[in-house]
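J.: Quick one: the structure is below, and I'll ask about it shortly.
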Amino acid sequence: MNTVQQVPDLSRLSSRIPAAPSIGSTTVSQPDHIHLSFGFAADSLFPLEVLEQSALQAIRQDGTRALQYSGAPGPRYILDWIQRRAASHGIQAGTAQILVTNGATQGIALAAQLLLEPGDEVWVEAPTFFSALQAFRLCGASIQAFPIDGDGVQVDKLEQALIGAVREGRALPKLFYTMPVYHNPGGVTLSLLRRQQLADLARKYNFYIVEDDAYAELNFTGQTYTTLYELAPERTIYLNTFSKIIAPGIRLGWMIAHPLLVSRLRILMLGSSTAVFTQEIVAHLLDQLDFEQHREQLIRHYRSQRDSMVAAIRSELGDQVSFALPEGGFFLWLTFPDTVNTAEMQPIAEQHGVSYVAGSHFYHDHSGHNHLRLCFSYCTEERLVEGISHLAAAYREYQEEQLHQGADIPMRY
Ligand SMILES: Cc1ncc(COP(=O)(O)O)c(C=O)c1O
């Protein structure tokens, strides 16, 4: 067989699709490296035994219906489960308001497709989740970003920009994308006051809030927060996922929105529901799993991972870095002195056998040169501590190189 292929005519492809993904080159492939870049769940916590039982039950009890387009009981069970779980977070939603998706990432993409025309304004946090940036770019959005601090996004800056846009006759945002709890990558949580202000702004300036609550269940402190959905249900498209509480590979998440929006989102999914068979398995799993106990186990594990990483950073990098202590989630966001460029430091870190995600990936304009994201969820505690020690060694080497280059000029790109 002739395997030489004709090069396809790439000029016929949509100009909105970049030639390469926005992230990928930043992760190292060597298996012996310590992957502090991977935003992965801890595989030791996947409920494998219950999943095995559940998969067997899905095949044996209702296999033929579960393998059809529809008709199996699993999807209905999942909807009811999500409805109850959402209610426990203060979200009162009927099942007509819930759409099960192929992960929260699909939820972001669907929300973007639902709302955006090319050229529309999308406003985001700086930094923000890189896949969301990619989803908005793919819709041809014009992106503006607003800084976060220890209390989440600085809503006063957003308000100033809205006032300025009205005064100067510029376009207002169609949507504001936010991760109000345990932000990826910032680790911070939006204060109640700012939530209320944001909900008021959405009403006043007529934009939608896309609330990405992916880490909501991984709450290390017990402190609960009122969701933006609860504060402005008619203005909010709410997203969540089973990735962080069961396993990312099952690719199940959900959206909650007004039924009129959900019925259009169903049209966007071209009438195809999210994998029925997977939902059937997960329905059996949720039926058997003591979810509260499972969640507490996840929290205990991830909190301890966070504490180990924080202690290692404090001892190895001391006052060279600053960060907010995350009250949940997976990530620590380090800020180095302004002269540091974490993208330039990356090859040195790789030589030391450790990976991270350089800060620029989380900014629509590729700024954020002196930040980096570390993930504490994936590696064992021992490896986390070892990884931080490698990172500190890489940083020292990078600083020495900078000194040799006489680099007193801040390095940026
Ligand atoms: C904020 C945020 N939203 C969504 C996702 C993706 O979730 P899913 O696996 O459900 O697509 C992630 C995962 O990294 C995330 O950090």
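J.: Mind checking which residues of the range 181-217 are in contact with a helix residue (DSSP H, G or I) (Cβ under 6 Å, 6 or more places away or on another chain), buried (at least 18 other Cβ atoms within 10 Å of the Cβ) and in a loop (DSSP other than H, G, I, E, B)?
T.: Passing the criteria: Pro185, Ala214, Glu217.
J.: Quick check on Ser14: is it away from the ligand (no atom under 16 Å from the Cβ) and at pLDDT below 90?
T.: Working: away from the ligand (no atom under 16 Å from the Cβ): yes; at pLDDT below 90: yes.
Yes; evaluated as a whole, the condition is true for this residue.
J.: For the range 25-118, which helices (runs of 4 or more DSSP H) that fit wholly inside it have 3 or more residues that are within 19 Å of Ser131 (Cβ to Cβ)?
T.: Output list reads 103-115.
J.: How many of the residues in the range 245-267 are near the ligand (Cβ under 10 Å from one of its atoms) and surrounded by 24 or more Cβ atoms within 10 Å (Cβ to Cβ)?
T.: 3
Each row is one residue, and each column tells you yes or no for (1) modelled with pLDDT of 95 or more; (2) assigned to a helix (DSSP H, G or I); (3) surrounded by fewer than 23 Cβ atoms within 10 Å (Cβ to Cβ).
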position: Gln279; (1), (2), (3): yes, yes, no
position: Arg295; (1), (2), (3): yes, yes, yes
position: Ser308; (1), (2), (3): yes, yes, yes
position: Ala312; (1), (2), (3): yes, yes, yes
position: Glu316; (1), (2), (3): yes, yes, yes
position: Asp319; (1), (2), (3): no, yes, yes
position: Pro326; (1), (2), (3): yes, no, no
position: Pro337; (1), (2), (3): yes, no, yes
position: Ala343; (1), (2), (3): yes, yes, yes
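J.: Evaluate the following for Gly71: is it within 16 Å of the ligand (Cβ to nearest atom) and on the phi > 0 side of the Ramachandran plot?
T.: no
J.: Of these, Gln68, Gln106, which one is modelled with pLDDT of 95 or more and out of contact with any Gly (no Cβ under 6 Å at 6 or more places or on another chain)?
T.: Gln106
The values are calculated or read from the model by the stated rules, or taken from the named source; none is laboratory data. Keep in mind the model is a prediction, meaning the values are calculated, not measured. Glycine gets a Cβ as well: all are built from the backbone with ideal geometry, and neighbour counts include every protein chain shown.
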